[in-house]
Amino acid sequence: MSRIPREHHLELSGLQGTSLLEASQTLQGRLTDGISLTTFDAKGQQRDRDVFFFDFEKPTNNEFLVTRQLPVRGAKNKIIPDIVLSS
């Protein structure tokens, strides 16, 4: 399994928006459509690639973990979503 380099984590975690709805829509788009990354291999060669978080064509390739009431530290307060889905 390929890991996303740490410098690209903001693609998902550092969402900026004028509202929570806008940030949620941006995140949903990135999770559904994937993101484009530019990385460099060991020889310093630039590699452009698309990363997809879910395999919609063959759902059996996905693994999921579902939990309830998982405390998450937010920007201001701790929140406890009803359901958290992780792949």
With θ set to phi - 60°, apply the Karplus curve 6.51 cos²θ - 1.76 cosθ + 1.60 along region 38-53 and write out the HN-Hα couplings as whole Hz, x wherever there is a Gly or Pro.
10, 10, 10, 7, 4, 8, x, 7, 6, 10, 9, 8, 9, 10, 10, 8
Return the loop-located chymotrypsin sites (Phe, Trp or Tyr not before Pro) in region 28-86 (DSSP other than H, G, I, E, B) with at most 11 other Cβ atoms within 10 Å of their own Cβ; answer none if there are none.
PHE56, PHE64
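Every number here is computed from the coordinates shown, using simple stated rules; none is lab data. Here the structure is a predicted model, which means the values were calculated and not measured. With ideal geometry, Cβ positions are generated from the backbone for all residues, glycine too; neighbour counts draw on all protein chains shown.
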